[in-house]
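So the structure is just underneath, and the comments pick up after that.
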């Protein structure tokens, strides 16, 4: 294309990027279906988080392929994957790294920093609620600042960097619930539920007849960085941004304009990161659906994964049998769309 033709079509690059992301989504779906069965909603939310550059908290009972899902995504994007099993005796140095004393060929001793497993692109923090708060806090700087402080130095982490943390909602003995400050750093909470009967039959059939097929990596870290740039540049109308802000602020009890059911059922609502997560996720969702603009439907579709870990239900809600999902659904109904 000549320079004059390029100047006459200023949105050509944007349209090509949108089409590439849409085609990428189709290819990723095809590859994932070779390994995974069902869990369409969870897969879509994880893909949106990857394209938006956010971390995810994955909640589900044991044996629902949470680890397989994360490992498969890492393989598709040719990203370095590390799994950290969180236990009550895990120390921060086990994650970040530690200094060891070495002796060189001249028998002189010096300290050498040995990097921990956190120096990878995709970190699966398995059962993160099984480790004490001191170790949980070791992830805070890494998740927020994309760096760690060790041996008196600030060390940058590989880009891109994602923390996908799992937690078991069934067993509560010997666990340490994540504090709100750390929960707020996750873009989404993705819930992996039990499969439908036909899907479960297919899983049993596949896993009992031999080895699973191998996947061919399709993208690398540079591709994902390009996707992040395109996602950040997606335009969002002011009414849609205002809608996301109102949706998050409506979850805060005892404030002007808060609906009565929130005052009754919510102890603590979503902060500013709630609205930011809604908009960033909505941008990525729009691109995955082949659109170069964000709609209210994108925000509504992500209200539950973006807000459920940021809303703390009250004792009254627990007594009335009201779940966070029900509260979020009521919020979506209550806040008028532009």
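The values are calculated or read from the model by the stated rules, or taken from the named source; none is laboratory data. Being a predicted model, the structure only gives us computed values, none of them experimental. Ideal geometry is used to build each Cβ from the backbone, glycine not excepted, and the neighbour counts take in all protein chains shown.
Quick look at the values:
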{"item": "Residue match in region 284-294 (condition: out of contact with any helix residue (DSSP H, G or I) (no Cβ under 7 Å at 6 or more places or on another chain), at pLDDT below 95 and more than 29 Å from residue 22 (Cβ to Cβ))", "result": "no"}
{"item": "Some residue of region 299-312 being in contact with a helix residue (DSSP H, G or I) (Cβ under 8 Å, 6 or more places away or on another chain), at positive phi and touching a residue at least 60 places away in the same chain (Cβ under 8 Å)", "result": "no"}
{"item": "Criterion (farther than 21 Å from residue 191 by Cα, crowded, with 21+ Cβ neighbours inside 10 Å and touching a helix residue (DSSP H, G or I) at 6+ places or on another chain (Cβ under 9 Å)) met by exactly one of 227, 261", "result": "227"}
{"item": "Any hit, region 167-190, residues being over 19 Å from residue 68 (Cβ atoms), at pLDDT 85 or above, out of contact with any helix residue (DSSP H, G or I) (no Cβ under 6 Å at 6 or more places or on another chain) and in a loop (DSSP other than H, G, I, E, B)", "result": "yes"}
{"item": "Extreme residue, surrounded by the most Cβ atoms within 10 Å (Cβ to Cβ), among residues of region 264-283 that are under 19 Å from residue 45 (Cβ atoms) and out of contact with any helix residue (DSSP H, G or I) (no Cβ under 7 Å at 6 or more places or on another chain)", "result": "273"}
